[in-house]
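Reading through the C-alpha cells given below for one structure.
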Amino acid sequence: MASVDTVSKDQYDALKHENVDLRRQLDWLRRQVFGQKSEKRFIDAGAEQAVLGEGFLAIPEVTPPHKKSRVEAHEREHKPKVPTGDESALFFDDKVPVEVISVPNPEMEGLSADQYEVIGEKVSHRLAQRPGSYVILKYVRQVIKRHDTQAISTPAAPAGVIEGSRADVSFLAGMLIDKFRYHMPLYRQHQRLSGAGVKVSRAWLTLMAQSAISLLEPIFYAQMASIRANRVKLMDEPRSRPAWPPRAR
C-alpha cells in the first residue's frame, strides 16, 4: 500500500488561513475589475492597527447589519378649520386692495326675484397681479372766466416735494424703499417701469433718487443731534477692533 503523507494540525491551520486570505484577495480583485467601484471600505474597528494598505484586503464575508433606532409613538394634533370658510386672514391684511368679483349662478337665469331666495354666500380668495403697481395721477384744473369782471382764473397745481418734478411723493418713497430695503438697483426699477408702460430715462431715476435723499438730510441731522443730546447713549460693541486707524501711543 502506498503511504499517505500525514498533515499536522498546525500545517492544516496554516493552509486554511492562507486559503481564506487568497479568497479575500480574489474577491477584492473581482470587485475592482467586474464589480461596482466604491470608496466605502469595510474595516473591522475591533482589529488591531495594521500596516498601510493592508486594510483594503480585509473584506468581511458577512455585511455588517444596519443600525436601527426606535421611534416613540406619538399623536398628531389637527388644528380646527375656520367655520366661516373665509381664509382672508391667512395670507393678507387690510393693506392689500381687494377687488370683489360676483360670480353669476346659472340656475338663476330666467327666474324672477320672487322665485328664489339668497340664503348665504361662499367666499374664496386668489392672489393676482397687475401689469404694474404704478398709477398716473391726473390733476384736472378747470379754467373759469367770470362774466362780471371778465377775469380768467385757474387753481394752482398741487405742490410736490420736488418742485417742477413729475414724481409724486409716493413714487419717491417707494423707489428709495425698493433700493435700500429690498436691494433693487435703479436699473432694475427702470426695467420694471418700462415693463409697466412708464417711459422715463435712467438718468431721471438717478436724479430723483439723489433729490429725495437730499430731502432726508435734515431728518438725519436732527436724529444725530438728539442722540448727542442724550445723557445715556446705547450702541453695539464691535466684535473686533479695526486695524485702522492705529492706536495712539
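The values are calculated or read from the model by the stated rules, or taken from the named source; none is laboratory data. As the structure is a prediction and not an experimental result, all values here were calculated from the model. FYI the Cβ positions are ideal-geometry reconstructions off the backbone, even for glycines, and counts take in every protein chain you see. Side chains included, ligands, DNA and RNA excluded: accessible areas come from the protein's heavy atoms. Shrake-Rupley method; radii C 1.70, N 1.55, O 1.52, S 1.80 Å.
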Q. Is at least one residue of the stretch 134-151 within 30 Å of the chain's Cα centre (by Cα) and closer than 30 Å to Ile213 by Cβ?
A. yes
Q | Matching entry among Ser170, Ser194, Ser165 (being free of Cβ contacts under 8 Å to residues at least 12 places away in the same chain, within 21 Å of Tyr139 (Cβ to Cβ) and polar (S, T, N, Q)) | A | Ser170
Q. Does Leu186 qualify as being open to solvent by less than 40 Å² (accessible area, probe 1.4 Å) and closer than 22 Å to Arg130 by Cα?
A. yes
Q) For the stretch 1-40, how many residues meet the condition of being at pLDDT below 70, within 58 Å of the chain's Cα centre (by Cα) and loosely packed, with under 11 Cβ neighbours inside 10 Å? A) 5
Q) Could you say which residue among Ala248, Ala173, Ala212, Ala157 is more than 31 Å from the chain's Cα centre (by Cα) and either open to solvent by 80 Å² or more (accessible area, probe 1.4 Å) or at pLDDT 90 or above (or both)? A) Ala248
Q) Using beta carbons and a limit of 6 Å, which pairs, at least six apart or on different chains, have the first residue in the stretch 201-217 and of a type in the set (S, T, N, Q) and the second one open to solvent by less than 40 Å² (accessible area, probe 1.4 Å) and not in a helix (DSSP H, G or I)? A) Ser211/Ile162
**Q.** Residue list for the stretch 186-210, restricted to those being among the hydroxyl-bearing types (Ser, Thr, Tyr) and over 11 Å from Met175 (Cβ atoms)
**A.** Tyr187, Ser194, Ser201
